[in-house]
Amino acid sequence: MPIRIFIDQGHNPSGPNTGAEGNGLREQDVNYNVGIYLLELLNNDPRFVARVSRPTPETILGTSNSTSLQARVQMANSWPADYFLSIHCNSNTNPAINGSEVYVYRANTQAYWLAQHILNAIVEQVGTKDNGVRLNPSLYVLRRTTMPAALIELAYLSNTADAEKLRNDQPAFARGIYYGLLSYFGFPPL
């Protein structure tokens with residue numbers, strides 16, 4: 001039985017719940033692309049089956065921030081997915097802040113260990129700074145999913161070097177997440 005991975009490409013292309021912008025990039029576009037690359041990697045591996053929240057670049061979920069988040073969680077819970085991964089890009093008013101981090105609901109859980117594997121592999125693949133696995137029980141998608149869930153902040157749109165990676169290395173970010181999953185499950189690469 002393949003492992004079911006739900007990939008949530010954070011934010012909408014327009015309307016409610018759009019993402020951050022920086023250095024000529026829009027978060028929702030980067031999230032969408034990385035999610036599609038990851039979908040292809042996982043669905044080409046017979047050990048996994050994956051679905052995405054936004055199958056097209058124009059897909060808009062919900063009519064407000066809260067209904068957008070509810071729609072993503074509902075899709076994962078009703079499938080039901082075995083694991084939930086939400087893909088995001090970070091931003092900060094300080095352009096020097098950079099790196100990757102992964103948020104989970106609580107420490108010492110399956111989600112926490114998975115997040116560590118994913119973060120390690122992203123840092124290895126893309127060369128971003130390791131900002132650690134962080135706890136954020138207030139995030140709706142981590143709180144309301146019925147399976148282990150991680151919210152991945154790929155890198156900072158507001159940092160020039162990170163933005164360059166987010167622009168040019170989108171397949172590498174997806175590979176990082178995929179290799180993190182392989183590492184977590186103890187699977188060899190195909």
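Suppose only helical runs count, i.e. DSSP H with n ≥ 4. What mean residue ellipticity at 222 nm does that imply for the chain under -39500 (n - 2.57) per run, divided by all residues and rounded to the nearest 500 deg cm²/dmol?
On the way: 6 runs with 77 residues, N = 190.
Value at 222 nm, helices only, nearest 500: -13000 deg cm²/dmol.
Taking R0 as 30 Å, what FRET efficiency do you get between residue 94 and residue 58 from their Cβ-Cβ distance, rounded to the nearest 0.05?
So the FRET efficiency works out to roughly 0.35.
Going by accessible area, probe 1.4 Å, with all protein chains left in place, what is the ranking of 59, 160, largest first?
Values: 59 25, 160 95 Å².
If we order 59, 160 from most to least accessible, we get 160, 59.
Evaluate the relative contact order of the chain (contact order divided by residue number), counting alpha-carbon pairs under 8 angstrom at least 6 apart; express in whole percent.
On the way: 416 pairs, mean separation 51.6, N = 190.
This gives 27 percent for the chain.
Describe numerically, in nm with one decimal, the distance between label points set 7 Å from Cα along Cα→Cβ at residue 136 and at residue 187.
About 2.7 nm separates the two model spin labels.
Calculate what fraction, in whole %, of the accessible area of the chain sits on carbon and sulfur atoms when a 1.4 Å probe is rolled over the protein chains. Each step should come with its number before you reach the end.
On the way: 4130 of 8150 Å².
Answer for the chain is 51 percent, counting heavy atoms of protein chains only.
Determine the shape class of the stretch 127-190: with a ≥ b ≥ c the square roots of the Cα gyration tensor eigenvalues, call it rounded for a/c under 1.5, and otherwise prolate if a/b is greater than b/c, oblate otherwise.
Oblate, because a/c is 1.5 or more while a/b does not exceed b/c.
Could you compute how much accessible surface residue 78 exposes when probed at 1.4 Å, giving the result in Å² to the nearest 10?
Ignoring ligands and nucleic acids, residue 78 comes out at about 70 Å².
Report residue 134's accessible area, 1.4 Å probe, all protein chains in place, as a number in Å² to the nearest 10.
About 90 Å², rounded to the nearest 10.
Enumerate the calculated ³J(HN,Hα) couplings along the stretch 79-91 in order (Karplus 6.51 cos²θ - 1.76 cosθ + 1.60, θ = phi - 60°), each rounded to whole Hz, writing x wherever the residue is Gly or Pro.
Running phi through 6.51 cos²θ - 1.76 cosθ + 1.60 with θ = phi - 60° gives 4, x, 6, 8, 9, 10, 10, 9, 9, 9, 10, 9, 8 Hz.
Let me have the relative contact order for the stretch 76-159, percent, based on Cα pairs under 8 Å that are six or more residues apart.
Averaging sequence separation for qualifying contacts and normalising by length gives 51 percent for the stretch 76-159.
Using alpha-carbon positions, what is the distance between the centroids of the stretch 67-106 and the stretch 154-173, in Å?
Value for the Cα centre distance between the two parts: 17 Å.
At 1.4 Å probe radius, can you tell me the per residue accessible area of the stretch 23-87 in Å²?
With all protein chains present, the stretch 23-87 gives 43 Å² per residue.
Give the Debye-formula value of log10 I(q)/I(0) at each listed q (0.11, 0.14, 0.17, 0.22 Å⁻¹), with one equal scatterer per alpha carbon of the stretch 1-128, two decimals each.
Log10 of I(q)/I(0), two decimals: -0.40, -0.67, -1.00, -1.54.
Taking amide H positions as placed 1.01 Å from N in the peptide plane, with prolines and chain starts having none, which residues 5 or more places from residue 52, or on another chain, fall under 5 Å of its amide H?
So residue 52 has HN proximity to 7.
Calculate the translational D of the stretch 36-99 in whole µm² s⁻¹ from Stokes-Einstein, where the hydrodynamic radius comes from the Kirkwood formula applied to all Cα pairs, the temperature is 10 °C and the viscosity 1.306 mPa s.
Reported coefficient: 113 µm²/s.
Please work out the FRET efficiency for the pair residue 66 and residue 44, using the Cβ-Cβ distance as r and a Förster radius of 41 Å; give the result to the nearest 0.05.
My answer for the efficiency is 0.75.
Helices from the chain with mean Kyte-Doolittle at least 0.5 and a Cα length along the axis of 30 Å or more, per DSSP H: which?
Result, helices passing both filters: zero.
The values are calculated or read from the model by the stated rules, or taken from the named source; none is laboratory data. All values derive from a computational prediction rather than experimental measurement. Ideal geometry is used to build each Cβ from the backbone, glycine not excepted, and the neighbour counts take in all protein chains shown. With ligands, DNA and RNA removed, areas are computed over all heavy atoms of the protein, side chains included. Shrake-Rupley method; radii C 1.70, N 1.55, O 1.52, S 1.80 Å.
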